[in-house]
1. Please compute the average number of Cβ atoms from other chains found within 10 Å of each residue's Cβ in peptide A:58-71.
2. Evaluate peptide A:128-138: per residue, the Cβ atoms of other protein chains within 10 Å of its Cβ; return the mean as an integer.
3. So what does log10 I(q)/I(0) come out to for the range A:85-148 at q = 0.13, 0.14, 0.16, 0.17 Å⁻¹, using the Debye formula with one equal point on every Cα and no solvent?
4. Bin by bin, in steps of 10 Å, what percent of the Cα pairs in chain B do you find, going until the bin that has the longest distance?
5. Under the classification rounded if a/c is under 1.5, otherwise prolate if a/b is larger than b/c and oblate if not, where does the protein assembly as shown fall, given a ≥ b ≥ c as square roots of the Cα gyration tensor eigenvalues?
6. Counting Lys and Arg as +1 and Asp and Glu as -1, what is the net charge of the other residues whose Cβ lies under 15 Å from the Cβ of residue A:59?
7. So what does the Cα-only Debye profile of the range B:5-52 read at q = 0.13, 0.15, 0.19, 0.26 Å⁻¹, as log10 I(q)/I(0), no solvent term?
8. At 222 nm, what value in deg cm²/dmol follows for chain A if DSSP H runs of at least 4 each add -39500 (n - 2.57) and the sum is divided by all its residues, to the nearest 500?
Amino acid sequence: MGQSVTVPITISVNGKQHSAEVEPRLLLAQFLRETLSMTGTHIGCDTTSCGACTVIIDGSSAKSCTVLAVQANGAEVTTVEGLADGDTLHPIQEGFWEKHGLQCGFCTPGMMMSAVALLNDNPEPSEEEIRHGLAGNVCRCTGYHNIVLAVQYAADKMKS
Amino acid sequence: MKWIDFEKPKTVEDAVKLLSDSGGNARPMAGGTDLIVQLRVGDPRVNADVVVDIKSIPELNELSYSSSKGLTIGAAVECYKIYGDANVNSHFSALNDSATLIGGTQIQGRASFGGNLCNAAPSGDSIPNMIAHGAVATIAGPSGTREVPVEDICTGPRQTLIGDDELLVSINFPSNGSGFGANYIRFIPRNEMDIAVAGVGASVTIEDGKFTSAKVSLASVAPTPLLVKEAGESLVGETVSEEAIQNAANLAKAAAKPISDMRGTADYRKHLCDVLTRRALNTAVERAQGAS
């Protein structure tokens, strides 16, 4: 009790194991950005509201600004950096490109990770289901219309 | 965020020991979707030096159903597991009204009904629903376990009768027969991702066109989620009718003790209690009649 000790963790990020000795208060978002220098995961609101920091943990989307790195110990985490296969874009990335699904781009990594989790659960979502699935992600540019089109593009692409 | 120590016990006994050894400075954590934010902003009501992660304790991750024992939801079971569960969908589908409403998808992957109850927000979206279902919480402490009806757990905003050395283990929902229906609805000024201005959980059991039991519970209109006993009791023995439901809604409105704040005035919230109670009861009746 009260010994203020760090904790050894091993987290698989995009298929690669990363081990580190971390403070229990370190957030997963900070672990990704600062410990691993993977800055694709953005930190927006800091309070689980905006969704910019969304990653996929063991198959479920989660806001990594409200997950301690120690909670993800032993988990498989996928970040936006894990979507593309070399130079080949993931269908959701292609969708955002083709349908102009971003303006400033700040929310985009989180939007794409939520969309990927949505499409994993529901490969053929309706527009309403897409909007419901992305309810936890905020776009300050209010570019929702094209984001929905981007997800529909990805759904069509992944189906074929 | 200030320094915290992290513990991840594997048994209820070890968790209770960690909590009781810490002298009130430890907090259990399920998904952490409320606790981590509170620790980060330095909420004085959550002054934890030790966080006890309960995700490795089997009893707290149990989700089981039997017709004799009803539905048991471990305190750490995430919302997405609740709405993905076949037994919940067959026998307790109204719980999904809350499970699909709390936060967005990302929160539902981590947040639990147990955490929602222990966080004891007046607006906790699962709490009136649990109360309407007659749910009972199992709480473990240094001297054994005790069972407490969910409506008695919250004692004030962010306050519960669960001691610093106690741990919420699970929530049990008694089996309901044919003719049972329930519903939780809330009012928010947008479509998703907001805190209830007012919320109502309702359940009914109907036999031969008459209510044989009913419960009404309110959120966001008192310091705690509220069971309005008289509203439910007013329905028992009555024939299902608009008048009976309106009478129960009037009683719910009368029981509400809301404050005025940025989300709505007290008068507005009282009005919502009337409207939402009527709607929740009507949906519960529809579901009861569809199920029988």
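1. Working: counts 1, 1, 8, 8, 8, 8, 1, 3, 12, 6, 10, 1, 5, 10.
Rounded to a whole number, the mean comes out at 6.
2. Numbers: counts 0, 0, 0, 2, 5, 2, 3, 9, 9, 4, 2.
The shielding value for this peptide is 3.
3. -0.31, -0.36, -0.48, -0.54
4. For chain B, the binned pair fractions read 7, 29, 35, 21, 7, 1, 0 percent.
5. Details: a/c = 1.90, a/b = 1.31, b/c = 1.44.
Because a/c hits 1.5 or more and a/b fails to exceed b/c, the protein assembly as shown counts as oblate.
6. On the way: positive: B:81, B:110; negative: A:58, A:76, A:121, B:78.
Net of charged neighbours comes to -2.
7. -0.27, -0.36, -0.57, -0.97
8. Values: 4 runs with 45 residues, N = 160.
Dividing the helical sum by the residues of chain A leaves -8500 deg cm²/dmol.
The values are calculated or read from the model by the stated rules, or taken from the named source; none is laboratory data. All figures in this text were calculated on a predicted structure; none of them were measured in a lab. Heads up, the Cβs are rebuilt from the backbone with ideal geometry, glycines too, and the neighbour counts pull from every protein chain shown. Ligands, DNA and RNA are excluded from the accessible area calculation, which covers all protein heavy atoms including side chains. Shrake-Rupley method; radii C 1.70, N 1.55, O 1.52, S 1.80 Å.
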